[in-house]
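Please read the structure below before turning to the comments.
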Amino acid sequence: MRPRRIAVVAGAPLVQAGLTRIVEASSHFELVAVARSLQALRASLVEQSTLQVDAAIFDWSSADDSASITAALDAGLRLVVLSDAEPTQLAALAAAGAACLPAVANDREITAAIEAVAAGLVAMRSDLFNEMLRKAAEGGAAGLTGTSAPRRPVELVEPLTPRELQVLRLLAGGFANKHIAHDLGISEHTAKFHVGRILGKLDAATRAEAVAIGLRDRLIDVEEKEKQTA
């Protein structure tokens, strides 16, 4: 069996060197590319058409934003993301097919995640998974008991992007991720990623709650929703 072809993406030279060392220490991996950003890696893949990457280790403390990650995943790049971002953000990445680990993940965890994502699996630390389950349970319990306080308009720390607004409006029409992906010309994984980002930004536990918040806060036009569901 040939070694996995791995790329390292990190803006900081020390981090780049550390991740390179992990790859080169394994006989199951072959280091084929090193880049300072996802955009630079994708440019190299375009320029060198014969260069193939099975997985990329990505340190998300670099200049890349969520749009760059979405574009990379949509292009079919399999990522192991190292980040201390909020669980909701990482959950969205995991839904899009990325393996998610904390920035301080050890060599063994990174190696296992590379193998998983290269095989088309989703991987994350158990503590992150448990945190996601806890937040989902809390959101569900509030909805079942009906004891949650009336919500104030959401003050978004990070506003919805134009693409996320498009996805939210399609959610208002009751469309599934597959339909959203088809309408917007993106992959289903990317549609899931956008939905996860929307839920995180709106602090919504479900898609229906996100739509309700969007209608209340005028992120979705009521007449537009009626046209979609007619």
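The values are calculated or read from the model by the stated rules, or taken from the named source; none is laboratory data. Keep in mind the model is a prediction, meaning the values are calculated, not measured. All Cβ positions, even for glycine, are placed from backbone atoms using ideal geometry, and neighbour counts span all protein chains on display. What goes into the accessible areas is simple: the full protein's heavy atoms, side chains included, and nothing from ligands, DNA or RNA. Shrake-Rupley method; radii C 1.70, N 1.55, O 1.52, S 1.80 Å.
Please work out whether region 1-86 counts as rounded, prolate or oblate from its C-alpha gyration tensor, where a ≥ b ≥ c are the square roots of the eigenvalues and a/c under 1.5 means rounded, while otherwise a/b larger than b/c means prolate and anything else oblate? The partial results should precede the final answer.
Working: a/c = 1.65, a/b = 1.16, b/c = 1.43.
Since a/c reaches 1.5 but b/c is at least a/b, the shape of region 1-86 is classed as oblate.
Quote the FRET efficiency, to the nearest 0.05, computed for Leu121 versus Arg218 with a Förster distance R0 of 35 Å and r equal to the Cβ-Cβ distance. Before the final figure, lay out each step's value.
Numbers: r = 40 Å, r/R0 = 1.15.
Computed FRET efficiency for Leu121 and Arg218: 0.30.
Working out 0.36 nm times the residue gap between Leu128 and Ala75, then minus their Cα-Cα distance, what length gain in nm do you get to one decimal? Separation in residues times 0.36 nm, less the Cα-Cα distance, equals 16.5 nm. Of the solvent-accessible surface of region 1-130, computed with a 1.4 Å probe over protein heavy atoms with every protein chain present, carbon and sulfur atoms account for 52 percent. At the residue level, Thr50 shows approximately 120 square angstrom of accessible surface with a 1.4 angstrom probe and all protein chains present. For Ala56, the residues whose amide H sits under 5 Å from its own are Ala7, Arg78, Leu79, Val80, ignoring neighbours fewer than 5 places away on the same chain, with H placed 1.01 Å from N.
For region 85-128, the convex hull drawn through the C-alpha positions has a volume of 62 cubic angstrom per residue.
Against the criterion of solvent-accessible heavy-atom surface with a 1.4 angstrom probe, Met124, Met1 sort, most first, into Met1, Met124.
Contour minus end-to-end for His182 and Gln52, with contour as 0.36 nm per residue of separation and end-to-end as the Cα-Cα distance? Walk me through the intermediate numbers first.
Numbers: separation 130, 0.36 × 130 = 46.80 nm, distance 2.70 nm.
Extra length available between His182 and Gln52 comes to 44.1 nm.
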